[in-house]
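Notes follow the structure.
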Amino acid sequence: MAAITNSLSLKHTLSIGSPQTNLLTRTRPSSTSLSFRTFHRCYASYANENREYVIVGGGNAAGYAARTFVEHGVADGRLCIVTKEGVAPYERPALTKAYLFPPDKKPARLPGFHTCVGSGGERQTPEWYKEKGIEMLYEDPVENIDTEKQTLTTSSGKLLKYGSLIIATGCTASRFPDKIGGNLPGVHYVRDVADADALVSSLEKTKKVVVVGGGYIGMEIAAAAVAWKLDTTIIFPEDHLLQRLFTPSLARRYEELYQKNGVKILKGASIKSLEASSNGNGGVASVKLGDGSIVEADTVIIGIGAKPAVGPFERVGLNTDVGGIQVDGLFRTSIPGIFAVGDVAAFPLKIYSRISRVEHVDHARRSAQHCVKALLSAQTNTYDYLPYFYSRVFEYEGSPRKVWWQFFGDNVGETVEIGNFDPKIATFWIESGKLKGVLVESGSPEVISTIFLV
């Protein structure tokens, strides 16, 4: 699940941007003044016991932020996390990878991938949060914010108080409209564990799968469907897989790999509608393409991108170019005491002098850690991030070939390709004599280190 959105879109979401000159330059208010200015008024009327720091969201960023609070010794009795999900924060990338493997291929399941195991850290189970004195409010999304009173209202009607607020709400899946079948039984979108559970239930009894979208999500889910030995077709409107990143030559290698695994690829195809079954169950039965042709399917997965989940936080200040909540290099919004991190944050990408929004787990982890360190300490160094994306496919037990590629930097300039994809290949993006980006397939840590030492 990955994307980067910049202030000037050139090719979908990974593109050249223009510098943002109107950056936030406020002096960071002390956490004490923010936390206790109105902290004890109407004390008994609030539903949360821990009010000094509140995180809204329950994904990767929330888990890594919680760990950083604990590392600074200020979580116990002071930190509250409120989330729409029914489980503690987890490593979300697993949902379109190992979570979708069939039972005989050792699928990932909770509590195995709670944060922060994805970076080699401790597994933060629900018991971990209790032990650390962190208050968790599950299945109760925030629906309103009063920035003057420093309060939040949840869908169940709870009134929550905060001193400092971190918005870590991530993204929501882009959906097909209902009028073309976007909500038919058997049509799936994957953003959380409940979504993934519903998809696994469908895969257990399906025969023909159609994956809509040729990006990260589409490629990962199609590869997982192969493990179930299902008739799998991937459909997308672009000229080749992952067009926002892959060169045509690189995409051709991956497309051939998918086809060798039995995946049918329909590229350059538009979708007119998802058609319901006529046998009375109302479930999806086929995909009707723009040219009138029909692709049969009893399970359809839509992976056409995501939108920042700004929800009730629009009033905090949005970036209309890249979407998301505008922040500075310390992840402060325009309102003192309110921060935004992860997928939802539009931040200064220092290395390229532009405002970007990055949808990837690596940024979610790092931005959360940087934000909390800035909030709790005298750290004033602005976030200096090198965009990094990766994907793993065909990693199920018994797969003839496991694939893992990594990308660093920016895909601008001319390209140089080295290797034959058997198994390794590298693509370099060079502009004005400078290395701007690199993609490495099956590269070891030593190979990656060598590239950046050159």
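General remarks:
- From the options Ala94, Ala88, residue that is at pLDDT 95 or above and open to solvent by less than 10 Å² (accessible area, probe 1.4 Å): Ala88
- Residues of the stretch 131-160 classified as in a loop (DSSP other than H, G, I, E, B), of a type in the set (D, E, K, R) and touching a helix residue (DSSP H, G or I) at 6+ places or on another chain (Cβ under 7 Å), total: 1
- Residue count for the stretch 58-84, restricted to those that are open to solvent by less than 20 Å² (accessible area, probe 1.4 Å) and under 30 Å from Val393 (Cα atoms): 10
- The stretch 265-281, residues that are under 15 Å from Gly292 (Cβ atoms), open to solvent by less than 50 Å² (accessible area, probe 1.4 Å) and assigned to a loop (DSSP other than H, G, I, E, B): Ala269
- Failed item in (1) open to solvent by 30 Å² or more (accessible area, probe 1.4 Å); (2) among the polar types (S, T, N, Q); (3) modelled with pLDDT of 95 or more; (4) under 22 Å from Arg365 (Cβ atoms), with Thr147 passing the rest: (4)
- Strands (runs of 3 or more DSSP E) within the stretch 291-384 that include 1 or more residues in contact (Cβ under 8 Å) with a residue 40 or more places away in the chain, open to solvent by less than 10 Å² (accessible area, probe 1.4 Å) and out of contact with any Lys or Arg (no Cβ under 8 Å at 6 or more places or on another chain): 299-302, 338-340, 345-349, 354-359
- When residues of the stretch 97-114 are limited to those that are within 14 Å of Arg392 (Cα to Cα) and not in a loop (DSSP other than H, G, I, E, B), the one most open to solvent (accessible area, probe 1.4 Å): Ala98
- You will find that of Glu85, Glu135, Glu122, the residue that is acidic (Asp, Glu), within 16 Å of the chain's Cα centre (by Cα) and in the same structural domain as Phe69 (by the TED database) is Glu85 and no other.
The values are calculated or read from the model by the stated rules, or taken from the named source; none is laboratory data. Keep in mind it's a predicted model, so treat the numbers as computed, not measured. Please note: Cβ atoms are built from the backbone with ideal geometry, for glycine as well, and neighbour counts cover all protein chains shown. Just the protein is used for accessible areas: all its heavy atoms, side chains included, with ligands, DNA and RNA removed. Shrake-Rupley method; radii C 1.70, N 1.55, O 1.52, S 1.80 Å.
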